[in-house]
1. Average the reciprocal distances over every distinct pair of alpha-carbons in the stretch 44-118, invert the result, and give the Kirkwood radius in Å.
2. Within straight cross-link reach of LYS102, meaning Cα distance under 13 Å, which aspartates and glutamates are found once same-chain residues fewer than 8 apart are removed?
3. Please pull out the direction-averaged projected area of the stretch 1-89, using the convex hull of its alpha-carbon atoms, in nm² to one decimal place.
4. Could you put SER24, SER82 in order, starting from the residue whose Cβ has the fewest other Cβ atoms within 10 Å?
5. Ranking request for peptides 133-139, 55-61, 182-188, 89-95: highest mean number of other beta-carbon atoms within 10 Å first, then the rest in descending order.
6. Between ASN19 and LYS152, what is the label-to-label distance in nm when each label sits 7 Å out along the Cα-to-Cβ direction?
7. About its Cα centre, how strong a charge dipole does the stretch 4-203 have in debye, to the nearest 20, once Lys and Arg get +1 and Asp and Glu get -1 at the Cβ?
8. Cross-link partners among lysines for LYS32, C-alpha distance below 24 Å, same-chain residues fewer than 8 apart left out?
Amino acid sequence: MSNQLTDKVVLRHGAVLNNRMAMSPMQTHSGKRGGFVSDDTLRYYNARSKAAGLLITEFHYVSPNGGPAYVPGYPEQLGAYSDEHLDGLRQVAQALKKDGNKAILQIHHGGRAAIGQAVSGQDVVAPSQVDFSFLDYPIRELTVDEIDDIIKDFGKATRRAIKAGFDGVEIHGANHYLIQQFFSKLSNFRTINGVVVLKREWRFR
């Protein structure tokens, strides 16, 4: 029988994975109001510390207006947009790494899917102002300055992840959240000199 799945993997930058298995990000619906971890969050990740050599958390929103991606309350989506989240992030990293595995924090911005903003009476932002039949709340087009701030928020969340003990981050760019919204002709109608252009969406423009 082959031992390939249990062989160690050395990545190009020198990190060593104990085996070739990875745990994909799975939403736990376990956070507390404001995106803070709960005892349920920690129990979940503690129980999975031996699941794979590489463990990826569920999505954490990087900006105050980036989530939660469902109705706020308890349970709620986890956040990484403030230094106040550091203690909880540190506990999650410790839970995942206690058996020698590598831990990755998944980060994202919900864009138009940040329903928690709508429920709280706040602006829900997106690449363009579009009336979608499946949304029962309005969305507002991001300004260039706001886009720049969100890009910086991804960097700040990454620094928090590393400070908390994670080995890296995974940027969530799918599932109709903000990054994918910039790539879609159905949701990005931003213009340059009056012409709709999608060539620079990867730069959030």
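1. Details: mean 1/r = 0.0769 Å⁻¹.
In the stretch 44-118 this quantity evaluates to 13.0 Å.
2. Filter leaves ASP167, GLU170.
3. Values: hull surface 29.1 nm².
Value for the stretch 1-89: 7.3 nm².
4. Values: SER24 11, SER82 15.
Fewest-to-most Cβ neighbours within 10 Å comes out as SER24, SER82.
5. On the way: 133-139: 11.9, 55-61: 25.9, 182-188: 15.4, 89-95: 20.9.
Result, highest mean first: 55-61, 89-95, 182-188, 133-139.
6. Reported label-point gap for ASN19 and LYS152 is 4.4 nm.
7. Numbers: 24 positive and 21 negative charges, 166 e Å.
The dipole magnitude comes to about 800 debye.
8. The qualifying lysines are LYS97, LYS98, LYS156, LYS163.
Taken together, the values in this text are just the output of simple stated rules run on the coordinates, not laboratory data. It should be emphasised that the depicted structure is a prediction, and the values quoted were computed from it without experimental measurement. So basically every Cβ, Gly included, is an ideal-geometry build from the backbone, and we count neighbours across all protein chains shown.
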